[in-house]
Amino acid sequence: MLSSALRCLRPISSTLVLSRPLAHQMDPNVPRPVETTIRTKLSQALNPEHLEVINESHMHAVPPGSESHFKVLVVSPQFEGLSLLQRHRLVNETLKEELSTCIHALSIQARTPQQWSSDPSLAKSPACMGGSRHDHTMAEKLKAGTD
């Protein structure tokens, strides 16, 4: 696994397969190390039946190509019998290294297979309120990506 500093680097080139089309233009030939790490860790830890990892950084006050704001949809049988808070804790624990280094914001939708089959929709993200401008750790996380 790459060190957290390497995963925070801005993309250069690679191929990415997406499960949903993106609402904005992103070069499919650009590597996304943070997105890839999120996908890998959640897949290994939660064995999801359905997983979506969406980079929403473009919706926020960050430089182009950033990987700082994400939405994840995780549908896993491991969530059966767990409260929403417990599910979120599982996801946060799985991504704790990234949350402490690269990821500024993570929106989590954690569902059981039964919940997903009855409502296979993804909630829309709210508009950016500019909160990262007041977060001193955001500058450090972005700087880690340029070193």
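The values are calculated or read from the model by the stated rules, or taken from the named source; none is laboratory data. Just so it is clear, the structure is predicted and the values come from calculations on it, not from any experiment. When the accessible area is computed, the model is the full protein with side chains, heavy atoms only, and any ligands, DNA or RNA have been set aside. Shrake-Rupley method; radii C 1.70, N 1.55, O 1.52, S 1.80 Å.
Some notes on this structure:
- Residue-normalised accessible area of segment 52-109, expressed per residue, 1.4 Å probe, Å²: 42 Å²
- Segment 51-107: C-alpha gyration tensor shape, a/c 1.5 cut-off, then a/b vs b/c: prolate
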